[in-house]
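The values are calculated or read from the model by the stated rules, or taken from the named source; none is laboratory data. Treat the numbers as computed from the prediction; the structure is a model and nothing was measured. Here the Cβ is made from the backbone with ideal geometry for all residues, glycine too, and neighbour counts use every protein chain on show.
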Amino acid sequence: MIVRDAADADLAGILEIYNDVIRTSTAVYAVEPVSIDERRAWLLARRERGFPVLVACDASQVLGFASFGDWRGTWNGYRYTVEHTVHVRADVRRRGVGRELVEALIPRARELGKHVMIGGVDATNLDSILFHKRLGFERVAHFREVGRKFGRWLDLVFMQRWLDAPGAQRPD
Ligand SMILES: CC(C)(COP(=O)(O)OP(=O)(O)OC[C@H]1O[C@@H](n2cnc3c(N)ncnc32)[C@H](O)[C@@H]1OP(=O)(O)O)[C@@H](O)C(=O)NCCC(=O)NCCS
């Protein structure tokens, strides 16, 4: 398995994983499947902002993908914080793919001078909560009933990881 920057040719694999997560879980609060054009626009937007989109691949297919973007829009005061996403194909979970992806994202965020990385995790998504804890993320916030899918309210947990040290200095 290798982890590398996503190419346009990876979009079909990314789409398949993403739509499977949308269809089968509350890991993403989207209800409808997305199109290849939506994923292409997303990839382009990330590239234009200078943010990475990484894929983990074996010889023939995309096993997972990860990225980060602005947290809470582009308000300037949040410029040292990013929000990441990571999804692994259902049949290859618990084999280290997610870990490799997030561990590859972290130096990319540091290179951009970022200070904090945040993941928004559905409160019932124990796999992801345990995964993020294992990777050094701390549970810092719990929002009640902010989402809705599959006929029920969803609580959202924020998990955060320092990319350097608490209190590290940055230009204002
Ligand atoms: C969450 C997710 C990305 C984790 O990826 P993964 O490739 O399965 O995780 P890894 O194999 O790299 O796990 C790394 C470590 O995290 C922990 N971990 C991961 N999944 C876990 C689980 N289901 N239960 C307990 N611990 C878990 C383990 O400590 C694991 O190390 P180990 O296998 O050596 O014990 C994956 O399950 C996934 O894509 N889920 C569906 C979509 C999703 O929830 N995305 C995240 C949205 S916030």
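Assorted remarks:
- Taking segment 1-32 as the range and being charged (D, E, K, R), outside any loop (DSSP other than H, G, I, E, B) and over 22 Å from Gly96 (Cα atoms) as the test, the residues that pass are Asp8, Arg23.
- Residues in segment 96-103 include at least one that is without any contact (Cβ under 8 Å) to a residue 60 or more places away in the chain, under 23 Å from Leu11 (Cβ atoms) and crowded, with 18+ Cβ neighbours inside 10 Å.
- Considering segment 114-139, the residues that are more than 14 Å from the ligand (Cβ to nearest atom) and outside any loop (DSSP other than H, G, I, E, B) include one that is farthest from Arg170 (Cα to Cα), namely Glu138.
- Applying the set (1) away from the ligand (no atom under 11 Å from the Cβ); (2) of a type in the set (D, E, K, R); (3) within 14 Å of Gly136 (Cα to Cα) to Glu111 leaves exactly one unmet item: (3).
Listed here are the residues, each with its yes/no results for (1) modelled with pLDDT of 95 or more; (2) in contact with a helix residue (DSSP H, G or I) (Cβ under 6 Å, 6 or more places away or on another chain); (3) more than 30 Å from Asp172 (Cα to Cα).
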position	(1), (2), (3)
Arg4	yes, no, yes
Val21	yes, no, yes
Leu43	yes, no, no
Gly50	yes, no, no
Val82	yes, yes, no
Glu111	yes, no, no
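- For segment 78-108, the candidate set comprises residues that are within 12 Å of the ligand (Cβ to nearest atom), part of a strand (DSSP E or B) and of a type in the set (Val, Ile, Thr); within that set, the residue that is farthest from the chain's Cα centre (by Cα) is Val88.
- Matching residues in segment 60-77 - criterion: being more than 7 Å from the ligand (Cβ to nearest atom) and part of a strand (DSSP E or B): Val62, Leu63, Phe65, Ala66, Ser67, Phe68, Gly69, Asp70
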